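To keep things clear, I will list the structure first and then write my remarks on it.
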Amino acid sequence: MPASLVRLKVTLDHVEPTVMRRVVVPFRIKLHRLHEVLQAAMGWTNSHLYEFRIRDVGFGLADQDWGDGPLDARKISLLAAIEDIGAKSFKYLYDFGDGWTHSIKTERTFPVIGFAEPMLLEATGRCPPEDIGGPWGYQEFREALADPTHARHAELVEWWGSEDYDPGKANFAELNKAVDDLAAKWARKSRRKI
């Protein structure tokens, strides 16, 4: 397949309101780099382990001491993983303690015209805070912030630093800048290798 780009729809499972991102990445992006793009696009902090689950095959940080762990995400591209396994959609797991699961669907491929850098096209919904306890902790967090009589209101306001939290509002400009900064960082590294 000639050089191409792929548009991915990434939806965070089990949260309301919907948290969704549309990104465009080179189809030959290595999975560990795709992880970095998703971290920037979602607004995560890249402080936890991750794994891509494409059908029954896992790709993440390989651990030599853990023989049946995920395959090394640094050694396979998105294109190769999808072609080898024959999947049009897959899962991205982040922070195994909190258990964030994202559904990723390949929506469209198209030829590279100009630069083949990651791009954020759309952002819906605010990404939950890190270490909030997964989808169920996130629900309680939102309920507690909104209700001054909630048993955990004061605790979570202190932890968050405010009562203000709009789960429906994604800061597109901030997320887009994070993806652009990541692409620029990769471009600088590539120029240094030449």
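A few notes on this one:
- The chain, accessible surface, carbon-and-sulfur percent (1.4 angstrom probe): 51
- Computed with the Debye formula from one identical point scatterer per Cα of the range 1-98, without solvent, the log10 of I(q)/I(0) at q = 0.10 Å⁻¹ comes to -0.26.
- Environment charge at Ile132 (Cβ cut-off 13 Å; Lys +1, Arg +1, Asp -1, Glu -1): -4
- Cα-centre dipole for the chain with unit charges at Cβ (Lys and Arg positive, Asp and Glu negative), debye to 20: 1500
- Compared with the dominant Cα axis of the chain, that is its longest principal axis, helix 134-146 is turned about 40°.
- Using θ = phi - 60° in the Karplus curve 6.51 cos²θ - 1.76 cosθ + 1.60, the 3J(HN,Hα) couplings for the range 39-49 round to 4, 5, 5, 7, x, 6, 9, 6, 10, 9, 5 Hz; x is entered for Gly and Pro.
- Distance between the pseudo-spin-label points of His150 and Arg188 (7 Å out from Cα toward the beta carbon): 3.9 nm.
- Computed lengthening from Asp181 to Arg74, 0.36 nm per intervening residue step minus Cα-Cα distance: 36.5 nm
- Along its three principal directions, the equivalent ellipsoid of the chain from the Cα gyration tensor extends over semi-axes of 31, 19, 15 Å, largest first.
- Under-21-angstrom lysine pairs by C-alpha in the chain, whenever the two are 8 or more apart or on separate chains: 24
- Vicinal HN-Hα couplings computed from phi for the range 96-106 (Karplus, 6.51 cos²θ - 1.76 cosθ + 1.60; Hz; Gly/Pro x): 4, x, 7, x, 7, 10, 10, 9, 10, 10, 7
- Each of Ala151, Pro128, Gly161 was placed along the dipole of the range 128-169 (beta-carbon charges, centred on the mean Cα), and the one lying farthest toward the positive end is Pro128.
- Helical mean residue ellipticity (222 nm; -39500 (n - 2.57) per DSSP H run of 4+; nearest 500) of the chain: -10000 deg cm²/dmol
- The simple Förster model, with R0 at 35 Å and r as the Cβ-Cβ distance, assigns Val112 and Tyr165 a FRET efficiency of 0.35.
The values are calculated or read from the model by the stated rules, or taken from the named source; none is laboratory data. Everything quoted here is computed from the prediction, not taken from an experiment. All Cβ positions, even for glycine, are placed from backbone atoms using ideal geometry, and neighbour counts span all protein chains on display. We work out accessible area using only protein heavy atoms, side chains counted, and drop any ligands, DNA or RNA first. Shrake-Rupley method; radii C 1.70, N 1.55, O 1.52, S 1.80 Å.
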